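The values are calculated or read from the model by the stated rules, or taken from the named source; none is laboratory data. No experiment lies behind these values; they were computed from the predicted model shown. Every residue, glycine among them, receives a Cβ derived from its backbone with ideal geometry; neighbour counts consider all protein chains shown. Side chains included, ligands, DNA and RNA excluded: accessible areas come from the protein's heavy atoms. Shrake-Rupley method; radii C 1.70, N 1.55, O 1.52, S 1.80 Å.
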Amino acid sequence: MSELNCPNCGNRVAPAIKSAKMITCDACTTTLLLEDAGLRLAGDQGVLHEVPLICQLGDELKIGKGRYQILGHARFSYGRGTWDEFWAIDSSGEPVWISVDEGDLILQRVLPPKGWPEYRGTLRLGRNLRYKAEGFRVDEDGTGTCVGLKGSFGHPLTVGETYRFLNLQGESGTVLSAEISGQETEWFIGQWIDPFEVVVKTA
């Protein structure tokens, strides 16, 4: 991966992988968007205070038969606490998200729009729907504000922006999640991970 220069301070920065769309500058804590013409300033990366975490930027996680390289770290606040999201790639180079909240882990992948759940009306707490022959129930409906970023990401995130999220628990243990920002929505599908089954190879 070729290196580029931060337009804010001139520091050399290198996206972790070719498909990365955003990166943070370690020198001046600026968030940068990667475009065809080069780098564009996108704001501040915020502050990621040191807290005990199962993994960190650069680590490789072994979960079952899968291996995942951590490339980006984002933290979100929901008022009474925070949770962490790690952007990673698997051994095939496909992106995944690993969510860590009070020791609970979820491994998720982005769903393409054609694979989104179909339903009528609006989703709210307690609402049920079916997706691929599995029943799901909305068990969480909240908001989170991005408070810190570090590393590379597959799509832009903004410190200070608040996102609405929905978590739906499936009958067979599958997890569906929606992230909503303004008029934009993304759906994810994944599963809970036992943290004791995660093997971490530190960077």
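Does Ser92 satisfy being among the polar types (S, T, N, Q) and open to solvent by less than 60 Å² (accessible area, probe 1.4 Å)? Criteria not met by Ser92.
Go over the candidates Leu105, Leu123, Leu71, Leu111 one by one and state the one that is modelled with pLDDT of 95 or more and at negative phi. It would help to see each step written out before you state the result.
Values: Leu105 fails: modelled with pLDDT of 95 or more; Leu123 fails: modelled with pLDDT of 95 or more; Leu71 fails: modelled with pLDDT of 95 or more.
The unique qualifying residue is Leu111.
Within the range 1-60, which strands (runs of 3 or more DSSP E) (wholly inside it) include 1 or more residues that are at pLDDT below 75? Can you show your working first?
Details: elements: 22-24, 30-35, 38-44.
Result: 30-35, 38-44.
May I ask you to list the residues in the range 99-118 that are surrounded by fewer than 17 Cβ atoms within 10 Å (Cβ to Cβ) and farther than 15 Å from Ile189 by Cβ? Hits for the range 99-118 are Asp101, Glu102, Gly103, Asp104.
Among the numbered conditions (1) of a type outside the set (Phe, Trp, Tyr); (2) closer than 22 Å to Pro15 by Cβ; (3) in contact with an Asp or Glu (Cβ under 8 Å, 6 or more places away or on another chain); (4) part of a loop (DSSP other than H, G, I, E, B), the only one that Arg67 does not meet is (4). Only one of the numbered conditions (1) under 21 Å from Thr31 (Cβ atoms); (2) over 15 Å from the mean Cα position of the chain (by Cα); (3) open to solvent by less than 50 Å² (accessible area, probe 1.4 Å); (4) not basic (Lys, Arg) is violated by Ile193, and that is (1). For the range 136-153, indicate whether the set of residues that are aliphatic (A, V, I, L, M), over 14 Å from the mean Cα position of the chain (by Cα) and under 21 Å from Glu184 (Cα atoms) is non-empty. There is at least one residue in the range 136-153 that is aliphatic (A, V, I, L, M), over 14 Å from the mean Cα position of the chain (by Cα) and under 21 Å from Glu184 (Cα atoms). Contact map, the range 188-203: first residue under 20 Å from Asp59 (Cα atoms), second residue exposed (fewer than 13 other Cβ atoms within 10 Å of the Cβ) and of a type outside the set (Lys, Arg), Cβ cut-off under 9 Å, separation 6 or more or different chains; pairs are Trp192/Asp104; Trp192/Gly173; Ile193/Gly64; Ile193/Asp104; Pro195/Gly103; Pro195/Asp104; Glu197/Gly64.
Scoring Pro156 on the criteria (1) within 23 Å of Leu33 (Cα to Cα); (2) open to solvent by less than 50 Å² (accessible area, probe 1.4 Å); (3) in contact with a Leu (Cβ under 8 Å, 6 or more places away or on another chain); (4) not in a strand (DSSP E or B) leaves a single failure, condition (2).
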